[in-house]
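Comments concern the structure below.
The values are calculated or read from the model by the stated rules, or taken from the named source; none is laboratory data. Here the structure is a predicted model, which is why all the values come from computation and not from measurement. Neighbour counts are summed over all protein chains in view; Cβ atoms, including those assigned to glycine, are modelled from backbone coordinates with ideal geometry.
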Amino acid sequence: MTPPGRPDDPLAAARATLVGEARRLAAPDLSAARARYLERHPEAGAWADFDDFAFWRLEVAEIYFVGGFAAMDWVGAAAYADARPDPLAEGAAGIMEHMNRDHADALLVFARVLGGITADTAEMVAVDRLGFRLRLRHGSELAARRIAFPTEVLSLEAARVTLIAMLADCRARAAR
């Protein structure tokens with residue numbers, strides 16, 4: 001079992017509980033929901049028409065968000081309805097894979113200059129429009145750091161440009 005506070009501790013990860021009323025979709029909404037679902041999950045076509053398969057809508061009343069240890073709050077239905085998907089969500093796995101595979105040295109620079117920690121290894125474990133999270137190892141010690149982007153990043157290209165600029169800035173600061 002991983003001790004609490006470690007970066008790979010599931011209790012330190014963000015999570016949300018959605019509270020509301022779930023209703024089975026009525027016929028007028030069914031075909032559009034089915035089409036959207038199968039577009040996203042084409043393999044489900046094998047069972048989407050079974051009698052025991054149904055489409056439901058959750059009318060969210062509120063959300064209890066836990067962002068990790070000591071970071072939690074209720075989110076109202078209106079704020080939830082106004083929220084939009086993170087623009088990097090679809091490409092986040094690719095960004096992390098690329099950075100971890102090809103730019104491990106840059107992650108160590110980010111950890112030292114922006115995270116204030118020296119590490120033997122650094123792994124990008126999350127990225128979103130506001131920044132990224134690093135899992136760091138120094139000897140037998142594990143740590144994590146959230147590194148903020150200097151401005152909100154709204155596309156994969158903007159993420160690439162921002163990371164390159166951040167690295168150049170970090171290297172310049174480290175050389176002083």
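Things to note:
- Of the candidates Thr118, Thr162, the single residue that is outside the structural domain of Ala71 (by TED's automatic domain parsing), in contact with a Pro (Cβ under 8 Å, 6 or more places away or on another chain) and either of a type in the set (S, T, N, Q) or part of a loop (DSSP other than H, G, I, E, B) (or both) is Thr162.
- Top-ranked residue of the stretch 165-176 - restricted to ones that are free of Cβ contacts under 8 Å to residues at least 60 places away in the same chain and assigned to a helix (DSSP H, G or I), ranked as nearest to the chain's Cα centre (by Cα): Met166
- Condition met for Asp102 (closer than 30 Å to Ala148 by Cβ, acidic (Asp, Glu) and in contact with a strand residue (DSSP E or B) (Cβ under 6 Å, 6 or more places away or on another chain)): no
- Phe110 being aromatic (Phe, Trp, Tyr), under 17 Å from the mean Cα position of the chain (by Cα), surrounded by 11 or more Cβ atoms within 10 Å (Cβ to Cβ) and outside the structural domain of Glu59 (by TED's automatic domain parsing): no
- Considered as a group, the residues in the stretch 73-90 that are free of Cβ contacts under 8 Å to residues at least 60 places away in the same chain and under 13 Å from the mean Cα position of the chain (by Cα) include one that is nearest to Leu130 (Cα to Cα), and that residue is Asp86.
- If the condition is being surrounded by 15 or more Cβ atoms within 10 Å (Cβ to Cβ), free of Cβ contacts under 8 Å to residues at least 24 places away in the same chain and either of a type in the set (A, V, I, L, M) or more than 23 Å from Arg173 (Cβ to Cβ) (or both), then the stretch 113-150 contributes only Ala122.
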